[in-house]
Amino acid sequence: MSDSFQVSPDIQSMYDGMAKVISSRCDRTGDFSTELPELGLFRRDNLTQPEICLIEPSVVLLVSGRKQINLSGQAFPYNTSRFLITSLDLPASSQVVEASAEAPCLGLMLRLDLRLIAELIAQGAPGQSNKSPADKGVGIWLSDVSSPIIDPFRRLLDLLNEPEALGALAPLIIREIHFRLLQTDQAARLRQIASVDSQGHRISKAIDWLKVHYSEPLRVDDLAARVQMSTPTFHHHFRQLTGMSPLQYQKWMRLNEAKRLMLNEHLDASSAAYQVGYESPSQFSREYSRLFGSPPKRDIENMKKQLQASA
């Protein structure tokens, strides 16, 4: 690892302990759940090409290796010195840029609780700034690591080995993590997205609606009215935060759900297309090919071969 990625000895010591916990629960490449529904662990043993994914509102922390998120032409590289924060469900691509079997990329993902952040703000949680961020970019950011933010993550991982204490102590540590996030260099962004009267909060509500109703016809005017925004303002803030228009977001949701239906539930392309809201299988095939690089049938066949090979 280059010098620019080095962290202080106390943080590295915490990472070493966290790596042992993650390695003990992740014995191969993959994503792994834990006893806490909001906490996931992952391991990658190889470099990867960009893989399309939907990033939940979360904190993603690496204890070894390097990854990169690509969103709307922007790259967000992160490592042991910087962690990733996302405030919305964002279509993006994820790539591992440093990993090997001998030195795997290890990390964790903790889902953000925006209601808890709003509660902490209402209770007067101190932060670096109460002002709106000057750079109102997409809803994904990088923040510098520090001992105060890493230590509660370390204690949360250690708690996985104390099942009798998990129910009592985990909520307290998760609350502390959210409190610490409000003291990072991205506090203003979190405050902006969690405030119930903010544009970011309204876009979040619109995304929640789209995730449930993606197969239905979309009238952007109606969705804007649903979250109490004018249509031009809604369009502007939606694209600013997600990197795409509401209709593009809906299309992304439809295509990825269709892919899941074909891969996991063995639907053919036409049946999957109709189920996610397409009226024309040919249009579905064209748009699927643009997003995934191959027609639906060929793409699913290739994915099944890859899964068989890895198994």
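Here, each number is a calculation from the coordinates, and none is a lab measurement. Only a predicted model underlies this, so the values are computations on that prediction, with no experimental measurement involved. Cβ placement follows ideal geometry from the backbone for every residue including glycine, while neighbour counts extend to all protein chains displayed.
Here the mean projected area of the convex hull built on the C-alpha positions of the chain is 17.2 nm².
Placing pseudo-labels 7 Å out from each Cα toward the beta carbon at Asp31 and Gln228 gives an inter-label distance of 3.3 nm.
With a cut-off of 16 Å on the backbone N, the residues of segment 76-120 near the modelled label site 7 Å out from Ser23 along Cα-Cβ are 99-108. Measuring from a point 7 Å past the Cα of Val97 along Cα-to-C-beta, which residues in segment 68-88 have an amide N at less than 11 Å? Of the residues in segment 68-88, 68-70, 75-79 have backbone N under 11 Å from the label point off Val97.
For the pair Glu119 and Asp208, label points projected 7 Å from Cα toward Cβ lie 1.5 nm apart. Were the residues from Gln74 through His235 laid out at 0.36 nm apart, the gain over their Cα-Cα distance would be 56.0 nm. Ordering 232-244, 211-223 by mean Cβ neighbour count within 10 Å, with the highest value first, yields 232-244, 211-223. A simple spin-label model places pseudo-atoms 7 Å from Cα toward Cβ; at Glu216 and Asn46 they are separated by 4.3 nm.
Relative to the current alpha-carbon distance between Gln248 and His266, full extension at 0.36 nm per residue lengthens the span by 3.9 nm. Number of Lys-Lys pairs in the chain with C-alpha atoms under 22 Å apart and a separation of 8 or more places or on different chains: 11. Rounded, prolate or oblate for segment 4-102? Axes are the square roots of the Cα gyration tensor eigenvalues, ordered a ≥ b ≥ c, and the cut-off for rounded is a/c under 1.5. The shape class here is rounded.
Summary of the geometry: segment 134-180 and segment 245-311, compared by the centres of their Cα atoms, lie 35 Å apart.
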